[in-house]
Amino acid sequence: MKPIKAPPGAQHAGTIERTDAALATAAARYRKHPVVRTLGTVAEIADQPPLISLCVGTIAAGALLRRPRLLRAGLRMLASEMVATGAKAVVKRYVNRTRPNKAIEDGRYALHADLKGSKDEGPWNSFPSGHTAGAVSVGRAFVREYPGAAPAVGLAVAFVAAIQPFIGAHYPSDVAAGAVVGLGSEALVDAVAGVRL
């Protein structure tokens with residue numbers, strides 16, 4: 001097995017950033033393995049369109065079945081996803097970070113503030129993980145109404161977060177930042193909603 005090394009462009013970064021990049025590079029070695037690719041496809045449930053569909057479906061089910069708790073859960077989920085999406089979009093616009101798969105393939109790596117927001121595009125917007133932010137915010141919102149679902153929801157959210165470095169989409173710190181964005185977004189929605197929606 002090869003030693004864990006950061007991509008060439010990250011060799012002059014600080015110790016923490018270099019370690020973060022090295023861990024992502026090591027994990028992303030497996031990004032083309034069929035099992036990892038399949039798991040990555042499954043984790044796409046945490047992309048914005050599928051998550052929004054899940055939220056709207058939950059709202060519809062709650063309304064049609066006349067289940068106020070399920071309806072509230074869906075409304076919380078959708079609001080939390082919208083806030084998380086907005087928050088991560090703002091950060092992504094002003095922080096340029098090369099995605100691990102691009103750094104591996106091109107040898108180019110960058111992490112810096114972009115106050116003009118000039119590189120608002122996929123390969124340069126690794127930070128923070130939007131999939132993780134969405135999964136955490138929606139999962140936490142659902143658990144507010146259904147606390148008994150916490151273990152299953154937590155496992156699903158952990159899966160989405162954990163697979164990101166292996167598919168070459170994010171560095172571990174991107175995933176951690178996405179989790180913070182998700183938790184903060186859901187907490188804001190909960191505070192605005194009060195005790196009950």
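Every read-out reported here was derived from the displayed coordinates using simple, explicitly stated rules and does not represent laboratory data. Remember, predicted model here, so these are calculated numbers, not experimental data. Positions of Cβ are generated from backbone atoms using ideal geometry, with glycine treated the same way; all protein chains shown enter the neighbour counts.
So how tilted is helix 172-193 from the main axis of the chain? Cα-based, degrees 0 to 90, rounded to 10. The angle comes out at about 20 degrees. What the Cβ-Cβ distance of TYR30 and ALA61 gives, at R0 = 41 Å and to the nearest 0.05, is a FRET efficiency of 0.65. By the helix-only formula, in which each DSSP H run with n ≥ 4 contributes -39500 (n - 2.57) and the sum is divided by residues, the chain has a 222 nm mean residue ellipticity of -21500 deg cm²/dmol. Taken over the chain, lysine pairs spaced eight or more positions apart, or on distinct chains, with alpha carbons under 18 Å apart number 9. One way to sum up the overall shape of region 60-197 is the equivalent ellipsoid from its Cα gyration tensor, whose semi-axes run 32, 16, 11 Å, largest first. What FRET efficiency do you get for VAL91 and THR41 if R0 is 25 Å and r is their Cβ-Cβ distance, rounded to the nearest 0.05? FRET efficiency, VAL91 to THR41: 0.45.
Helix 15-28 versus the longest principal axis of the chain: what angle, 0 to 90°, nearest 10, using Cα atoms? Between the helix axis and the principal axis of the chain, the angle is about 80 degrees.
Projecting label points 7 angstrom from Cα along Cα→Cβ for ALA113 and PHE159 puts them 3.9 nm apart.
The angle between the Cα long axis of helix 68-94 and the main principal axis of the chain comes to about 30°, on a 0 to 90 degree scale. For the peptides 129-140, 23-34, the ranking by mean Cβ contacts within 10 Å, running from highest to lowest, is 129-140, 23-34.
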